[in-house]
Amino acid sequence: MDRSRRAGAKETRPQPPAASRLTVKARPNRRKAAPRGSLWSRLPRPAVIADACGRALRRSVPALIGLFVIASVSFAAWAGYRFVTTSSRFAVTTIEVNGNQVVSDDQILAALPVRIGDNVFGANLDAIVAALHENPWIAHAEAHRVLPHAIVIDVREHTAAALVQLGSLYLADADGHPFKRAELDGDDGAGLPIITGLPRDAYLANPAGTAAQVKSAMAALAAWRTETERPSIGEVHFDMHGALTLVTYEQAIAIQLGDVDQDLAKRMQTFDATWAELSSAERARTRAIHLDARSDQVTVAFAPSDNT
């Protein structure tokens with residue numbers, strides 16, 4: 001029976017599920033027909049172009065006004081600058097120099113890059129100051145305008161306090177700094193003490209150290225001059241160890257003071273006591289006074305007497 005049923009039954013095939021069916025759809029044609037017509041027909045209409053130009057012009061008006069204002073101001077500034085720097089109304093009629101004593105007015109005026117008749121605004125004040133500093137006597141200089149016709153120059157000169165032997169003789173200021181080669185023919189350094197014994201190589205290697213030594217020598221000399229009974233000093237000498245020797249103007253007596261320290265004043269007082277005990281004949285024969293061993297000890301070296 002089972003066989004008859006299988007024989008009589010219509011044979012059917014299983015159907016796939018709907019989700020797995022492949023459906024192919026026709027693609028739409030995305031090409032569109034190109035517009036037909038001439039190139040001129042594709043351009044915007046004149047009204048549209050005019051409207052766009054009008055909007056652009058309205059947007060650019062503030063910027064154009066700003067550019068015009070800037071250009072006007074710049075031109076006015078340039079015209080004003082050109083007028084004041086070229087007009088004869090602002091010609092220099094006076095150059096006033098103040099503070100100079102060693103350097104003459106004529107020397108200063110000859111060194112300036114400005115002359116009478118030049119425009120007062122055209123004068124370069126920095127160039128004037130730089131030109132003044134070329135003179136070794138001038139320690140500081142300033143220049144300013146006094147409108148409408150004057151330039152005023154204020155200078156401060158070095159004050160020479162000593163002559164320093166550094167290969168050649170140089171003028172040194174109160175701080176011990178050499179500032180000018182001494183011209184003995186021009187009376188540079190007349191009446192000033194001479195400080196010797198300082199190597200030039202040491203000065204070039206350490207200018208500040210050498211200036212400190214020169215200043216200490218001048219301080220020692222100033223302390224020496226506080227007593228009027230002491231002989232005048234013409235030379236202050238440093239030996240290779242830095243010890244100080246004073247050499248008198250008359251007779252060239254070498255007064256060896258030793259190191260410049262806190263006992264220097266005591267050694268000078270020892271000299272005063274010794275010098276007071278010497279007679280005029282003994283002072284005339286004195287060649288050296290040694291005070292460098294101890295502040296309370298002195299050795300006097302005499303020249304040989306004619307009687308011995």
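Bear in mind these aren't lab numbers, they're just calculated from the coordinates by the rules spelled out. Being a predicted model, the structure only gives us computed values, none of them experimental. Glycine gets a Cβ as well: all are built from the backbone with ideal geometry, and neighbour counts include every protein chain shown.
Take peptides 273-286, 142-155 and line them up by average Cβ neighbours within 10 Å, highest first, as a rough protection proxy.
My ranking of the peptides, most packed first, is 142-155, 273-286.
As a footprinting exposure proxy, order Leu67, Leu132 by other Cβ within 10 Å, with the fewest listed first.
The fewest-first ordering by Cβ neighbours comes to Leu67, Leu132.
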Practice prompt. May I have the convex hull volume per residue, in Å³, for the Cα set of segment 114-181?
Written response: 88
Item to complete: Compute the separation of the alpha-carbon centres of segment 140-193 and segment 274-308 and state it in Å as a whole number.
Response: 40
Discussion item. Using Cβ contacts closer than 10 Å as the measure, can you line up Thr94, Thr210, Thr248 from fewest to most?
Written reply: Thr94, Thr248, Thr210
Worksheet entry | Ascending count of other beta-carbon atoms within 10 Å, so fewest first, for Ser104, Ser295 | Ser104, Ser295
Discussion item. Modelling each spin label as a point 7 Å along the Cα-to-Cβ direction, I'd like the Leu147/Leu184 distance in nm, to one decimal.
Written reply: 5.5
Worksheet item: Where does segment 162-302 land on the Kirkwood hydrodynamic radius, alpha-carbon pairs, in angstrom?
Response: 15.6
